[in-house]
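*Asks:* Structure incoming, see below.
The values are calculated or read from the model by the stated rules, or taken from the named source; none is laboratory data. Owing to the predicted nature of the structure, the values given are computational and were not obtained by experimental measurement. No Cβ is skipped: glycine too gets one built from the backbone with ideal geometry, and neighbour counts run over all protein chains shown.
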Amino acid sequence: MTAQPTVLILGAGPSGMAAGMELYKKNISFEFVEKNNQVGGLARTMEFGGFKTDIGPHRFFSKNQYLYTFIEELLGEKWILVNRFTRFYANGKLFKYPNDIMEVLTKFGPINLIRAVTDYGFEKARSKIAPRKMNSFEDYAIANFGKTLAEVNMINYTEKVWGIPCKDISVDWAQQRIKGLGLTAILKKALLKSKDVKTLVDQFYYPDEGTGLIYEAIKKKVEKTNTFHLESVPTAVHHENNKIVSVDIKTKDKTKTFAPEHLLTSIPMTEFVKLMSPAPPRDVLEAASRLRYRSQVYLFITINKPSVSPDQWIYFPPKEIPFGRIAEMNNFSKKMSPPGKTSLMIEFFCWEGDEIWNASKEKLLQDTVFWLNKLGFLSMNEVENAYLHRQTNVYPVYNIGYEKNLDVVKNYLNQFTNLEYIGRPGRFRYTNQDHSLEMGILAARSIIEKKDYDLDKVGSENEYFEKGTIGKQNVY
């Protein structure tokens, strides 16, 4: 028998769950299909022996007051405000991030300072005479920081995250992540800093038992009248006359066909187009094959002491250090670990199938503790246990020219009148958690209101993603 929900949602990550919540408020029926055994997608929270961890912690900030209200109504007092403290490791030292200019002046060393000032002065002078062409992330970073400072943090870390040289990364990535952030802006912030206005880099909100609490709360509310098919995957999406007519699903123990009025998908775009039946034209499939996602390996270490550092995150740009970022979950919320203990989430950036992806837990733990011991953070005898998690399709790769391939795929998908593709993997857009939620809400409203919303405008203001004050605007 074919099920006929009003809406079928593929993927129970932030955007899919937000869409479900918005549909629930209007009494519109839907069913979820999710490959994992819990909801939340890349923002889910896992538990190991009394310790909780996000898959790479997701702090929450937004300029959209509606999103704060959306979550506060779900979590109430479990939605806590946290003072941010983050550092990055460079030249053998730890520096505050975003940069504290006085700390840089005292720790960076006279030779490096002279180089940094000279490089930056050269770039400022060049911008007046023969401005650098902004073809890549490297061009943008050097123009705004000078070569020395750009390499210390921006370029090295970005190449570790993406696995390709910054000269091959689209300038779109720089404009999305660091527009308005440069040495001049940092100096102004240091000299004119106000203690009255808290910016997004000073504080953030966080659910007191992990980011996944948001999505578990949505599930608990909506599953009374709607169905979740966990550990299930779509196997085919049938269409005719520019409309999705049915979707075949494989669950743990059977196959099932749905004939929804509307389909929302947040599964990776490159996987979704392969499910289409009839198959897309060859040029669409070829364009999709040229779009790549970066993967991650996460090493979660439980630790038999109350604290490792005061940081929520520490970033590690140097290429000789195998991991890119560590996060101490207790510094997000004390409820993330048992009393007197703490934990670290270690993030390794990789390609599916490469050396890091295939490395054993023991090897990654040994490498991690070696470096953390050098910094005085952790020794092996303080490690209680370690857990390994591998995740594909984490970051859409913005290599130069990616947008041409993306446009081909989007033009194909846009012809289907009852389809919305949403979220970071589903829309092939690097979005923060707030933008993913917003995208899901707007996709649901397009169904509710029978009105088209331009989802590409979500988070498209092209400025530093952490710039501004918390909840300043009410976007809806």
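*Asks:* In the list Glu22, Glu31, which residue meets the criterion of being of a type in the set (Asp, Glu), in the same structural domain as Met439 (by TED's automatic domain parsing) and touching a Pro at 6+ places or on another chain (Cβ under 7 Å)?
*Replies:* Details: Glu22 fails: touching a Pro at 6+ places or on another chain (Cβ under 7 Å).
Result: Glu31 is the single residue among Glu22, Glu31 that is of a type in the set (Asp, Glu), in the same structural domain as Met439 (by TED's automatic domain parsing) and touching a Pro at 6+ places or on another chain (Cβ under 7 Å).
*Asks:* Check every one of the helices (runs of 4 or more DSSP H) wholly within region 294-413 and list those with 1 or more residues that are over 30 Å from Gly426 (Cα atoms), at pLDDT 95 or above and in contact with a Pro (Cβ under 8 Å, 6 or more places away or on another chain).
*Replies:* 361-374
*Asks:* Go through region 304-360 and report how many residues are in contact (Cβ under 8 Å) with a residue 60 or more places away in the chain and among the hydroxyl-bearing types (Ser, Thr, Tyr).
*Replies:* Qualifying residue count for the region: 5.
*Asks:* Within region 1-26, can you find the residues that are surrounded by fewer than 20 Cβ atoms within 10 Å (Cβ to Cβ) and in contact (Cβ under 8 Å) with a residue 60 or more places away in the chain? Give the steps one after another, and end with the answer.
*Replies:* Of all residues in region 1-26, those surrounded by fewer than 20 Cβ atoms within 10 Å (Cβ to Cβ) come to 1-6, 24-26.
Residues satisfying the conditions are Thr2, Ala3, Gln4, Pro5, Thr6, Tyr24, Lys26.
*Asks:* Just wondering, is there one or more residues in region 66-76 that are out of contact with any Asp or Glu (no Cβ under 9 Å at 6 or more places or on another chain), within 30 Å of Pro317 (Cα to Cα) and surrounded by fewer than 18 Cβ atoms within 10 Å (Cβ to Cβ)?
*Replies:* No, the conditions are met nowhere in region 66-76.
*Asks:* Something else now. For Lys274, work out the one condition from (1) touching a Pro at 6+ places or on another chain (Cβ under 9 Å); (2) more than 18 Å from Asn414 (Cα to Cα); (3) basic (Lys, Arg) it doesn't fulfil.
*Replies:* Going through the list (1) touching a Pro at 6+ places or on another chain (Cβ under 9 Å); (2) more than 18 Å from Asn414 (Cα to Cα); (3) basic (Lys, Arg), Lys274 breaks only (2).
*Asks:* Output the residue which, of all residues in region 364-420 that are over 23 Å from Pro322 (Cβ atoms) and acidic (Asp, Glu), is surrounded by the most Cβ atoms within 10 Å (Cβ to Cβ).
*Replies:* Among those residues, the one meeting the criterion is Glu420.
*Asks:* What are the pairs with Cβ atoms under 8 angstrom where one residue, in region 436-455, is of a type in the set (Asp, Glu) and the other, located anywhere, is at pLDDT below 95 and not in a loop (DSSP other than H, G, I, E, B)? Sequence gap at least six, or different chains.
*Replies:* Glu438/Asn64; Glu438/Leu67
*Asks:* Evaluate the following for Glu355: is it acidic (Asp, Glu) and either surrounded by 21 or more Cβ atoms within 10 Å (Cβ to Cβ) or in contact with a strand residue (DSSP E or B) (Cβ under 9 Å, 6 or more places away or on another chain) (or both)?
*Replies:* Working: acidic (Asp, Glu): yes; either surrounded by 21 or more Cβ atoms within 10 Å (Cβ to Cβ) or in contact with a strand residue (DSSP E or B) (Cβ under 9 Å, 6 or more places away or on another chain) (or both): no.
So Glu355 fails the test.
*Asks:* I've got another one for you. Based on what the data block shows, is Glu31 outside any loop (DSSP other than H, G, I, E, B), exposed (fewer than 15 other Cβ atoms within 10 Å of the Cβ) and not aliphatic (A, V, I, L, M)? Don't jump to the end; show me each part of the working.
*Replies:* Numbers: outside any loop (DSSP other than H, G, I, E, B): yes; exposed (fewer than 15 other Cβ atoms within 10 Å of the Cβ): no; not aliphatic (A, V, I, L, M): yes.
The answer is no for Glu31.
*Asks:* Separate question: In region 263-279, which residues are surrounded by fewer than 21 Cβ atoms within 10 Å (Cβ to Cβ) and either part of a loop (DSSP other than H, G, I, E, B) or more than 23 Å from the chain's Cα centre (by Cα) (or both)?
*Replies:* Within region 263-279, Lys274, Leu275, Met276, Ser277, Pro278, Ala279 meet the criteria.
*Asks:* Keeping to region 162-173, report how many residues are in a helix (DSSP H, G or I) and either surrounded by fewer than 21 Cβ atoms within 10 Å (Cβ to Cβ) or modelled with pLDDT under 90 (or both). Full working, then the answer.
*Replies:* In the first step, residues of region 162-173 are kept if they are in a helix (DSSP H, G or I); the result is 162, 166-168, 171-173.
Filter once more, so that each one left must be either surrounded by fewer than 21 Cβ atoms within 10 Å (Cβ to Cβ) or modelled with pLDDT under 90 (or both): 162, 167-168, 171-173.
Going through region 162-173 one residue at a time, the tally reaches 6.
*Asks:* Sticking with this structure for a sec: Find all pairs meeting these conditions: Cβ atoms under 6 angstrom apart; at least six residues apart or on different chains; first residue within region 123-150 and on the phi < 0 side of the Ramachandran plot and loosely packed, with under 13 Cβ neighbours inside 10 Å; second residue part of a loop (DSSP other than H, G, I, E, B) and among the hydroxyl-bearing types (Ser, Thr, Tyr).
*Replies:* none
*Asks:* Also, I was wondering about something else. Only one residue in Lys52, Lys78 is of a type in the set (D, E, K, R), modelled with pLDDT of 95 or more, over 19 Å from Ser266 (Cβ atoms) and under 20 Å from the mean Cα position of the chain (by Cα), so which one is that? Let's see the steps before the verdict.
*Replies:* Numbers: Lys78 fails: under 20 Å from the mean Cα position of the chain (by Cα).
Only one candidate passes the filter, namely Lys52.
*Asks:* Sticking with this one: Of the conditions (1) over 22 Å from Lys274 (Cα atoms); (2) surrounded by fewer than 17 Cβ atoms within 10 Å (Cβ to Cβ); (3) of a type in the set (S, T, N, Q), Ser436 fails just one. Which one is it?
*Replies:* Result: Ser436 fails condition (2) only.
*Asks:* On to the next question. On the basis of being over 17 Å from Asn411 (Cα atoms) and over 26 Å from the mean Cα position of the chain (by Cα), does Thr251 make the cut?
*Replies:* Working: over 17 Å from Asn411 (Cα atoms): yes; over 26 Å from the mean Cα position of the chain (by Cα): yes.
For Thr251, the condition - over 17 Å from Asn411 (Cα atoms) and over 26 Å from the mean Cα position of the chain (by Cα) - is met.
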